[in-house]
Every structure is written in structure tokens, then in C-alpha cells.
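This report refers to the structure that appears directly beneath it.
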Number of protein chains: 2
Amino acid sequence: MNVPFTHFYGSCLALAFAGYKDGILVDKQEEFQVLALHHPLGFSCRVSILLLMADKRKRATAENDSDEDDNGEQPMEAPRKQAQAALAFRKRLKPDNAILATVRKIADSAKSYKPQTQSLADLNLPNACKEVVDLSCASVMAEIEKTIINIARSILGGNGFGYSVPSRSSANQLYVQELDRIVLKDKASFRPFANMASVRKTTITTRILQLVHQLCKKQIHVTKRDLFYTDVKLFQEQGQSDSVLDDVSCMLGCTRSSLNVVASEKGVVVGRLVFVEDGDRIDCTKMGVGGKAIPPNIDKVKDMESDALFILLVEKDAAFMRLAEDRFYNRFPCVIITAKGQPDVATRLFLKKMKTDLKLPVLGLVDSDPYGLKILSVYMSGSKNMSYDSSNLTTPDIKWLGVRPSDLNKYKIPEQCRLPMTDQDIKTGKDLLEEDFIKKDPNWHKELEVMVKTKEKAEIQALSSFGFQYLSEVYLPMKLQERDWI
Amino acid sequence: MNVPFTHFYGSCLALAFAGYKDGILVDKQEEFQVLALHHPLGFSCRVSILLLMADKRKRATAENDSDEDDNGEQPMEAPRKQAQAALAFRKRLKPDNAILATVRKIADSAKSYKPQTQSLADLNLPNACKEVVDLSCASVMAEIEKTIINIARSILGGNGFGYSVPSRSSANQLYVQELDRIVLKDKASFRPFANMASVRKTTITTRILQLVHQLCKKQIHVTKRDLFYTDVKLFQEQGQSDSVLDDVSCMLGCTRSSLNVVASEKGVVVGRLVFVEDGDRIDCTKMGVGGKAIPPNIDKVKDMESDALFILLVEKDAAFMRLAEDRFYNRFPCVIITAKGQPDVATRLFLKKMKTDLKLPVLGLVDSDPYGLKILSVYMSGSKNMSYDSSNLTTPDIKWLGVRPSDLNKYKIPEQCRLPMTDQDIKTGKDLLEEDFIKKDPNWHKELEVMVKTKEKAEIQALSSFGFQYLSEVYLPMKLQERDWI
């Protein structure tokens, strides 16, 4: 029962000692702090001496209670090693301006970044592929009207009524390495009205077209849920209006956000970024510690400006909070953004826009587990069920800063802060090894292999074992100094 | 198959008609819009005429396909009735300044609101109760040092080492009507170190005290997760550090947020509110449509100012988005806040602070189901597992604006937008009827009875069935005009 033993005597005997030493106890708060709290390592060593003069009876009790064997020295070892490791890295840190110089280099090189100009057409792939683009409200309305008019033509021509709907099944999806995106192949199915099997879907499609036309006309945004409730009797369940909504955006060849139907936002952004949202000027350096909620409708975001050197993409809001409270972006000019877990559409669009408008390198900070890697992949290559929309949602060329499997040893993450991977984790990891976006980058592949081999994972928070601010004061500066990303 | 029939002919035959009328088809987009999209009702009627001249063959097909019986007129009825209902309310709306005058009255009366001054002591209840208060970092440190010193005393006095920890079990909880809050009774248990059963917990408690002392010293905030990772070997699983953390805040008699351990924020706020967050001046009228993310640490929020007449507490972010985009707060000066579902601590603290500092009436807009009511209750009376903290988290005197069970008929929410309550819903509803915070308000009790009797529930979004902006343009203004809250 080493650890309990340590901590118990750590807090109490060190204090007792302080008390004995001067014969007074209660007024020794100052010294008590020094001994028991400020230098956890210092008092750990002190404790080993104290143990000798410690009240035998109580020690005996403690040992009888202990289910582990207790040897006086060992308990001090672990924490000391840990603190020494932390210290070692802290010592190796250069002054900030030296680190900044390094970062500036990569920032400049990123300035040359051109948003993907290569179009599907340029690639003449075996099978023609479908991508959707952002359209203005006016264009969406025009597209809808064209569609309906063609249908009327077909009716009047006696050819009946139906839609040709692109298939969104994974069988119809393709990863295009040149674009580093998932796109839809050209498979489409006809959805006739005069057919028992498809009459409802055809009708729903028509109704959705009508509702979207209204939204674009009024230039307002609604959620999928709102849309569903406008005609519950027809849609019956939200799943039906949702899936048809995706069909419609494929049919019209525009992004879902162009249809003015948005997901609810959950992302936040903070740091060296200024932009105009629906006419309001937002300065993200003046957003306190909570940050600015990322708006659900990206088309209201304009005029992005920034003097940041990079964008820090964070998986979890705990890490975001730490960096925001420490105002990390003032020490190293950057924009910090998180979707609080699984990336939502609004956050992905926002990141994409930052990358395109500001031409900044994007550094990803995620947990060292397959899930963290999956999250990076969603930002970079899109998610399967929105594949048709990938070109507008994906941010290519995100650097994997950490926490990488190799970091666990490199930064001496204590054993007890590493978690064993579950069978599911390992399976997911092995599947990822086969994914194109991993395969194409040997470094990523190597890191993932390490993870699957060691069967160890770790969260960003594992860095807290070196102190709460280790992330912002040592780990990240060191990463920047060594340009340690892949 | 009424609805499909309507919509199908709606979009297509009306168009066909337009085409026939002038002999041209494609260039008739303008007229097509008028017929098929702008006036859904108008064209629905037009359609009934069109049906007569409609192509017989296709109509036949449609009827063969239909699994329901189809009579030409009925399909038009439902939508027309619906639109008429919507229109009726719109007509009854007075000019905004008249409505504002009404609202101003309640706003003024709320100015007299005094934050709960009555303390537990004043009530001399049968059993002494425990409440916790907000403490400054300095006070928390002092409390911790006092605790440890007393323990050292006890050790040196040969009385061993242990903590007296207040029980947080529901058996030890009490709803105090006078305070309208849940509080802890005085039951406490002793947690000795020299005892197999409690040695680990005692040790963890000591460690947590040490970590919290560090946090207060450094004046930084961390999440429960961070805290756990500072000593995984000791805590073993987060559940253990979490529960001890709550014990500690009871022991020290301070709120969990005073311990500088925060939950991750998920709430957003927008509208007529200005405040200072960690030195930054935040103007919530200039937060676009996404709003300002509510900070995880309330103690960084200062100097709230507002010219709002009320606070609109919204359950769902969909409704929040609608109101933010329509800039509802500019038409009716208010602050709009949501926790996006289950209230998190940060949002509850923020609401409480607004109510206390700004003395504004709080109007609640939640789904008309037991869950929505539960959410209001958490804001008002606190949640069981944080009961010891309730006085600092709860905002008394929230008005239930809607959507109330009686609204469903009053506002003629269409049948198909009402959902049948599940058995679980009904059970929850019946349980709520027994809860003190419902019992004490006959009006609330009556409404809940209606819900349980009709077995019908409805979401805020159900109002979208009258048009996407019905919520912001008709429903809420009407509610304000009629002071229709309880």
C-alpha cells in the first residue's frame, strides 16, 4: 500500500515534524505549506526520514491495513522519477522567441497553401464521380425550379413523375488520393412516383424541395428537427426527412449547408482570430476563457483576419479550457479550436474556412488512441455518410502533433497514466492501418503500428500527471521547438 | 394517401396548369413560384380545381398506388385549418410597444427581487442542515490547512487520523420549502485511516485536499478528468476521485466550483447582456448567431450589465438558434440562454448570477413533456446528487412560459405534431406530480395533470408546423402580450 502510505505521512507527518520542530503547531501554516504542499517531491524525501521517527503504533496499524507489502524507500521513487522527467524537458526548452522563430518558418511555408484547385474532371478517373459545391440561396432556388420544371415537362410529355437520385451507399463511394477526399461514384437510382415502393419517398422529396425553396427565399436557417416538424404527417419520422434531405443536396449538387439546414453547433474557438459574424465583429482574443461558440451557419462568417502562426485543433474541451485559461495563444500566437469530441459539421466548415482564408498550418492535438486518429481523419478526409459533401467539409494537410503513441515513452508518460487498449480499440486500430488516409503517410502508419503493437493508449489529460499546466508550459512549447509533428 | 397526393399535384399540376395556360412552359418560373411555392395554401386550393382537368391515367396510377382512400377535398382541409389557426393568433397580436409595456410591468416588479436572504439557521428545522457557500481561493486554502492541522493534532494526541465526512445519500437530503431548495441533513460518517475498509478513501481524501490546495494557490481551474490523471495509481478510476471531490466540498463547506474544479461548459448565451470575463468585455448583442460560450468558471465573470426586460431560458439549442438568428432580443429586449438539454453546472451558475445581479424575471421555454419539466426543476431546486450545493446553483422563481400541456390545444398544435407519451414518460410524469416543487404550485400541478391525462407531449419545434418563424414571430410575442406564464 505504498502510495496511500506516502500520501498519508506526506501530508500529516511532515506537518507534525514542522510542529515538533518549533514546539508550536497551529501558527505554522506557512511552514506547513512549504513542507506538505509546495514541493511534493521535497516533502516526499523528507517523509522518508520522518518515517523513522514516526509514531510506531500508527505505522503498525497502517501496515496491517495495507494489502500490499510496504518498503520504506520505493514509494518515493515513482514520483521522483516522474518529476525529474518533467524537469528534464522543462530545462531543454529554449526561450520563447527562439521557439517562435521555428514556428514562423512552418507558418511561412504554409502561406503558399492553395486550396485544392484540382477538380475531379482533371483526374479522369475510371468512373465519373460526383461532388457537391456551395451554392448561393438564389442558385439553390434556381436549381429547384429547374428540377420541378423538368418534372412537369416529363409529366406533360406523358413520361410520368420521378427523380433520379444519386446513391450514397458506401459501395458508391471512392477515396481519391489526388484530392485526399472521399467522393461519390456516379451510380444513381430512379425514384418514380407511380410505384408503391417509392411513392412516399418521391413525395417527401418533392415536399423537401418545396421547404428548402422557402428557406432560401426567406434566407433563414433551420435544424433538421425543425424541418421534420413542418410536416410530421408526411415524414412520419425524422430519419425519413433527414435521409431525403441528403438525397436532395446530392440531386441539386450543393452542400447541405447551402440548403440552409444546419446542425446545432457545439464547437468553440479562441485565440488570435477576428471575424465578422452576421455583421458583428468578433475578436477571439477577447472571449475570456469560455471562447466563442462556433456559429451553425458558416455562410454568416466573413472577413477572417489573424496574426496567428498556426491553428491548434484540439480534440477535447478539457485541453481547450486549459489552453484558453493559460492564454496560450498570447505566448505562441495561434487560434485554438475544438468540437468537443466527434467533429460536427459547423466546426469542420469553420476550420476549413480558416485554413483556406488564413493559410495557416493546422496542428492536431488528440488522444493517443484509434478514436483520436479517427477524429483527425474526419477533419481531413470526411466521414462516410457525408462523403458526397467531403470537398467542402475537409481540411487537408492537418499535422498530427500529438499525443502520439511514440510520445508515451519519449515524454515518459507514467505507466499508470497509460490505459490498456480494449479488444475493440485494437480492432479499430488494425482497421485504420488499412485505411487509405493512413497508408499514404508512412509516418502516420508507423505511429499507428506502435499503438497497435504496444496495445497502450493515453488521453491528452495524461500529461496532467506532470502537473496541471504541463500541457501548456512544457509539452506544447517543446513540440513547437522541435517541430515535432508529422 | 392524401398528403402525397396533395403535394405531388401541388408542385407539378399547378405548374403544368401554368404551362398550359400560356402555352409556354420553361420561362414560367416566376408564375411557377407563385403557384407552387409562395402560397402553399393558395395553390392547395387551386390544385383541387386542377384535379378535375388532371391527366386521368396518372391520377389512376396514383390511386392504385395509394394504400389509403383518397377523397379530393379532405387533403386540403388539414393544411388550411392549420394556416387559419396560425393566422388567427397573428391577427390578435398588438403592436410591439404595447406588448413591451406589458412586459415592462413584470420586469419592474422583479426589480424588487432579493436573493434568498433567509438562511437555514432562521428556520430552525427539526434536524440541523448543511449548506455550502462560495469561498475565495484564500479561504479554501485556509480551510484545508485548518483541516490538516487538526488532523496532525489528533495524530500527535494519539487519537489517530481520519475525516468526518457529511453523507450525501438521498436519505440525508431534505427539500426546504421556505428556501425552495434541497439541502443536506447533518448525518456524517467518520472515515478513519487505520481501518481496512476506509484506508484508501482516507488517503484519496488527503490527496485531493493537497491537489485542491495547489489549484487555489495557482488560481487555475481544471476538470475532474485532469484531477484524476494527476494520480491515477492512487485514484484507480475517476469515479473515486470524483466522489471524494464532492465529499471534500461538503467537508470544507464550500461549493465545488470554489475548489477550482469545473465541468466542461456547453451552454451559450446571446442578447442584451454585457459582462466582463477574465478581463475581457463581452457584449452578447454582438455575438452573431452562434452566441457566446458560457465559461466553465463563473468566478471569472464580473460586472454584468443589461437593459433586458427578462431572461429567456431555452431548453434546446434549435430554439436558441431560431431566436438568435431572428435577433428576437432586439425586438423584445431580453437575454437568451440555453444549456442544450440537461443543465450543466456552468450554465446554472451563470443563470443564477444573472438573476441575482440583474434582478430580471426568468421565463422558461421547454418541451411539453416530463423531461422538460425536470429540466426546469433542476434550474430551480437543484439536482439530487449536488443537493449540498443547491443554494449556489439554484435560481428560484422561474416562470413556466411554455410549451405547456394546455398550449397544445390553445395554440391548436396539429395532431400529427403531438407525440404519444411512452409508459416511461407517463411514469416520470406521475412521479413528478408527487415532487414538492410541483405540489407547492397549484398551476404547475394542474398543467402536469393535463399532460398525464392527455398522455400527449410536444417539442418546442412542434411550433414549426405553423412556419419556421412562428416561434419568434407569433408564439412568444403572444405569450408576452398575454403574460401567459405560471
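The values are calculated or read from the model by the stated rules, or taken from the named source; none is laboratory data. Only a predicted model underlies this, so the values are computations on that prediction, with no experimental measurement involved. Glycine gets a Cβ as well: all are built from the backbone with ideal geometry, and neighbour counts include every protein chain shown. With ligands, DNA and RNA removed, areas are computed over all heavy atoms of the protein, side chains included. Shrake-Rupley method; radii C 1.70, N 1.55, O 1.52, S 1.80 Å.
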Extreme residue, nearest to B:Ile426 (Cα to Cα), among residues of the stretch B:343-380 that are surrounded by fewer than 24 Cβ atoms within 10 Å (Cβ to Cβ) and polar (S, T, N, Q): B:Ser377
From B:Ser391, B:Ser387, B:Ser368, B:Ser381, residue being of a type in the set (S, T, N, Q) and more than 20 Å from B:Gln177 (Cα to Cα): B:Ser368
What is the one condition in (1) on the phi > 0 side of the Ramachandran plot; (2) surrounded by fewer than 19 Cβ atoms within 10 Å (Cβ to Cβ); (3) within 9 Å of another protein chain (Cβ to nearest Cβ) that A:Asp303 does not satisfy? (3)
I'm checking my understanding of the structure. Among residues of the stretch B:388-430 that are touching a Leu at 6+ places or on another chain (Cβ under 6 Å) and closer than 30 Å to B:Val244 by Cα, which one is modelled with the highest pLDDT? B:Thr395
Candidate set: the stretch A:335-349, residues that are hydrophobic (A, V, I, L, M, F, W, C) and modelled with pLDDT under 95; chosen: the one farthest from B:Arg225 (Cα to Cα): A:Leu349
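This table checks each residue for (1) modelled with pLDDT of 90 or more; (2) of a type outside the set (Gly, Ala, Ser).
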position	(1), (2)
A:Ile208	yes, yes
A:Lys233	no, yes
A:Val248	yes, yes
A:Ala263	no, no
Which members of the stretch B:265-280 meet the condition of being within 10 Å of another protein chain (Cβ to nearest Cβ) and not in a loop (DSSP other than H, G, I, E, B)? B:Val268, B:Val269, B:Val270, B:Phe275, B:Val276, B:Glu277, B:Asp280
Since B:Ala188 meets every condition but one in (1) of a type in the set (A, V, I, L, M, F, W, C); (2) open to solvent by 10 Å² or more (accessible area, probe 1.4 Å); (3) facing chain A (nearest Cβ under 7 Å), which condition does it not meet? (3)
Scan the stretch A:232-248 and give yes if some residue there is at the interface with another protein chain (Cβ under 7 Å from one of its Cβ atoms) and farther than 24 Å from A:Ser167 by Cβ, otherwise no. yes
Scan the stretch A:431-486 for residues that are of a type in the set (Val, Ile, Thr) and at pLDDT 90 or above and jot them down. A:Val450, A:Val452, A:Thr454, A:Ile460, A:Val474, A:Ile486
Positions within the stretch A:436-463 being without any contact (Cβ under 8 Å) to a residue 40 or more places away in the chain and either buried (at least 23 other Cβ atoms within 10 Å of the Cβ) or β-branched (Val, Ile, Thr) (or both), in sequence order: A:Val452
Only residues that are over 25 Å from A:Ala293 (Cβ atoms) and acidic (Asp, Glu): list them for the stretch A:351-390, please. A:Asp369
The one condition A:Gly158 fails out of (1) outside the structural domain of A:Ser243 (by TED's automatic domain parsing); (2) on the phi > 0 side of the Ramachandran plot is (1)
Please work out which residue is surrounded by the fewest Cβ atoms within 10 Å (Cβ to Cβ), limiting yourself to the stretch B:323-342 and to residues that are closer than 21 Å to B:Glu277 by Cβ and in contact with a helix residue (DSSP H, G or I) (Cβ under 9 Å, 6 or more places away or on another chain). B:Lys340
